[in-house]
2 protein chains.
Amino acid sequence: MAEATIRDVASRAQVSVASVSRVLNGFDKVSSQTRERVAAAVAELGYVPHAAARSLSMARTHSIGVVLPDLHGEFFSEIVRGMDRVASERGYLLLLSSLHAGSRLGTSALRALRGRVDGAMVMAPHLGEEELAATLPPGVPIVLLNTRSQQGLHSTISLDNAAGATAVAEHLLALGRKRVIHIAGPPGNADAQERAQAFARRVAQGDDVVLTAVEGDFSEQSGEDAVAALLRSHQRFDAVFAANDNMAIGALQALRQAGRQVPEAVAVAGFDDIPMARHLGLTTVRVRIAELGEYGLSELIDTVEGRGAPPASTLHPVELVVRTSTGQA
Amino acid sequence: MAEATIRDVASRAQVSVASVSRVLNGFDKVSSQTRERVAAAVAELGYVPHAAARSLSMARTHSIGVVLPDLHGEFFSEIVRGMDRVASERGYLLLLSSLHAGSRLGTSALRALRGRVDGAMVMAPHLGEEELAATLPPGVPIVLLNTRSQQGLHSTISLDNAAGATAVAEHLLALGRKRVIHIAGPPGNADAQERAQAFARRVAQGDDVVLTAVEGDFSEQSGEDAVAALLRSHQRFDAVFAANDNMAIGALQALRQAGRQVPEAVAVAGFDDIPMARHLGLTTVRVRIAELGEYGLSELIDTVEGRGAPPASTLHPVELVVRTSTGQA
DNA sequence: ACGCAGCGTGTAACCGGTTACATGTCTTAA
DNA sequence: TTAAGACATGTAACCGGTTACACGCTGCGT
């Protein structure tokens, strides 16, 4: 038994395909008799419209492409959760595609979106502007996530890293810390750069404050290694700001193993507010990732549906959360 | 400038659409001259094939639907990560759809998959068999995840909850624990039921062992509450097995607050091995969720591509991980 | 010289919907 | 009584690909 088509429904209901289509799409110029007969035929045949056919003739898919660099961890699940909320509310599905760093595949993945989606949310931190422009499928509205970009060709929505890092700096300064370590993220990463830069700028405004920056790669291990290395070299410091929570957690472990008291001897702060941060009492910057996804997707769907504002760059706000790793024990 | 179609390419290359199609699909009966001219025209026009059109005529979409009950947390991101790995390897995209508990929408979400996907991975723990059968789109291969089901109509792949719970029971018995608490998951949940049942069965084989089961809802709070209540009622116990890690973590907190030593006074074990379990030294059952996703999707794609084995039920293995919450302090 | 196979190419039907336009029927006003 | 309009319905073109089949050409064997 092959799948029923609209023509099967039409002949069974003894009406034309046009009438069936009208009934199915809630068009009003249909007699109630026709409506009933079509409904009956649909039910009897278990008919379900064929999405590809509809997409082809309407040039609308009601799907949104989501292209992310890596599909793991809290960040990913949160952003998708936010998008899903908006998508299902507004009748869209999400087409997921990871953009692996070995990017030839990524390129084709992006192009493969033509005819599949009405728009796309793209996060491609490691792609340069030119590469991006060359890769993006033409004619598909795009919202760029956390990707500095472009001559205003696409909408962009990104975290307010600068505000977060500045808030941490002010907090540490207010605590009177003078010898501050920053464990930065990977050099190519734009978020990491912004955090490091804003932090350094604000710390530099303190009196007699010394800042040392070391490099990490966002992994817990790299945070632990960085602090362990500092301890071995007898570097003196009374505060650590890691560019993300994972590294901050690594730092906490290294400090605990070395017997350094947190926060008395060393205050520690991170960025992201992952769930574990709360359990460990880690001061951090809360990033409402799900909201970012919601907001970005709403905007994209507006654009897709023609209700769109012109492309704009938006900064998504963040929030300092003070916990015991910098406050009283 | 509208998007270029295959006919634009054909006329520009001065060949027929059939030839263009043949070149694009790597069909070999094409002269090298034709091949070059088509390639040139494609490049000049920036032509990208239209996926919906191709899907319609080939009856293949190269997409797989992923229908999950809720899109958050570690479980979700892990399972999607596993699926994505397989999908991108084999040239598929994932179409994501959450199945909200208020399920009228869910039903339509499932049906909306027709013509959009070649197959679907469905996880619908709260749907009954009949409901499921009525909801699933006909003619689309399905793999059910963690959903006990059916008269063998679809493939099923689920966690070996029984093995995990049994292993925990044996571990606790080997430690000589005699008064054991089980904090169960929500009553309607199949995983929770299997864990509770297998655990009870194995514990009953111990000598002089008393098992008390209390109910939770998989949340950390419910674990904490459950243990707090037991302590208040002066129930004596020397081991707690929670049906998931979240509740086990709650249990740990309640015990710490009451000053009970873990593991000396009370051994605690969970299920899932979420990242936090490692940090807290929680003994648990490791579930390789990403692998489950990989495995399930591989099987589904095999079926889609005709290389499929008949529907079967598979149990995905799990692994006991002993940490300090039951071992030496 | 002829037939036939093999190869490259083009024509047109088809996938399953939507929808502009034509058609037919009934009502209503002149 | 009849022309005009409103309304429900049907016919067929179209969306952009794929592909069965037909066709024309070349080279071979007899």
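The values are calculated or read from the model by the stated rules, or taken from the named source; none is laboratory data. Treat the numbers as computed from the prediction; the structure is a model and nothing was measured. Backbone-built Cβ (ideal geometry, glycine too); neighbour counts: all protein chains shown. The protein model used for the area step is the full one, side chains on, heavy atoms only, and it has no ligands, DNA or RNA in it. Shrake-Rupley method; radii C 1.70, N 1.55, O 1.52, S 1.80 Å.
Among residues belonging to segment B:281-309 that are modelled with pLDDT under 90 and in contact with a helix residue (DSSP H, G or I) (Cβ under 9 Å, 6 or more places away or on another chain), point out the one that is least open to solvent (accessible area, probe 1.4 Å).
Residue satisfying both the conditions and the ranking: B:Gly308.
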Output for Cβ contacts, cut-off 6 Å, separation at least six or different chains, first residue touching a residue at least 60 places away in the same chain (Cβ under 8 Å) and at the interface with chain A (Cβ under 8 Å from one of its Cβ atoms) in segment B:39-66, second of a type outside the set (S, T, N, Q) and within 12 Å of DNA strand D (Cβ to nearest atom), reads B:Ser55/A:Ala52
Tally up the residues in segment B:243-261 that are more than 32 Å from the chain's Cα centre (by Cα) and over 19 Å from B:Thr212 (Cα atoms), please.
5
Identify, from the list A:Asp191, A:Asp208, the residue that is open to solvent by 50 Å² or more (accessible area, probe 1.4 Å) and either at positive phi or of a type outside the set (A, V, I, L, M) (or both).
A:Asp208
Within segment A:112-159, restricting to residues that are at pLDDT 80 or above and farther than 17 Å from A:Ser298 by Cα, the one that is surrounded by the fewest Cβ atoms within 10 Å (Cβ to Cβ) is A:Arg114
Note on A:Leu56: of the conditions (1) away from DNA strand C (no atom under 15 Å from the Cβ); (2) touching a Leu at 6+ places or on another chain (Cβ under 7 Å); (3) not assigned by TED's automatic domain parsing to the domain that holds A:Thr147, unmet is (1)
May I ask you to say which residue of B:Glu299, B:Glu291, B:Glu319 is out of contact with any Phe, Trp or Tyr (no Cβ under 8 Å at 6 or more places or on another chain) and part of a strand (DSSP E or B)?
B:Glu319
When residues of segment B:243-258 are limited to those that are of a type outside the set (S, T, N, Q) and over 13 Å from B:Met276 (Cβ atoms), the one surrounded by the fewest Cβ atoms within 10 Å (Cβ to Cβ):
B:Arg256
Within segment B:29-53, tally of residues that are within 12 Å of DNA strand C (Cβ to nearest atom), under 22 Å from A:Val117 (Cβ atoms) and touching a helix residue (DSSP H, G or I) at 6+ places or on another chain (Cβ under 7 Å)
2
Among the residues of segment A:1-14, write down those that are within 11 Å of DNA strand D (Cβ to nearest atom) and part of a loop (DSSP other than H, G, I, E, B).
A:Gln14
Just wondering, is there one or more residues in segment B:28-36 that are out of contact with any Ser or Thr (no Cβ under 9 Å at 6 or more places or on another chain), closer than 18 Å to A:Gly65 by Cα and at pLDDT 90 or above?
no
So the check is Cβ under 6 Å with 6+ separation or different chains; which pairs have a first residue in segment A:282-301 that's on the phi > 0 side of the Ramachandran plot and a second one that's open to solvent by 10 Å² or more (accessible area, probe 1.4 Å) and among the aromatic types (Phe, Trp, Tyr)?
none
Enumerate the pairs (first residue in segment A:1-28 and within 7 Å of DNA strand C (Cβ to nearest atom); second residue anywhere and open to solvent by 70 Å² or more (accessible area, probe 1.4 Å) and of a type in the set (Lys, Arg)) with beta-carbon separation below 6 Å, excluding pairs fewer than 6 apart on the same chain, so at least 6 apart or on different chains.
A:Val17/A:Arg7
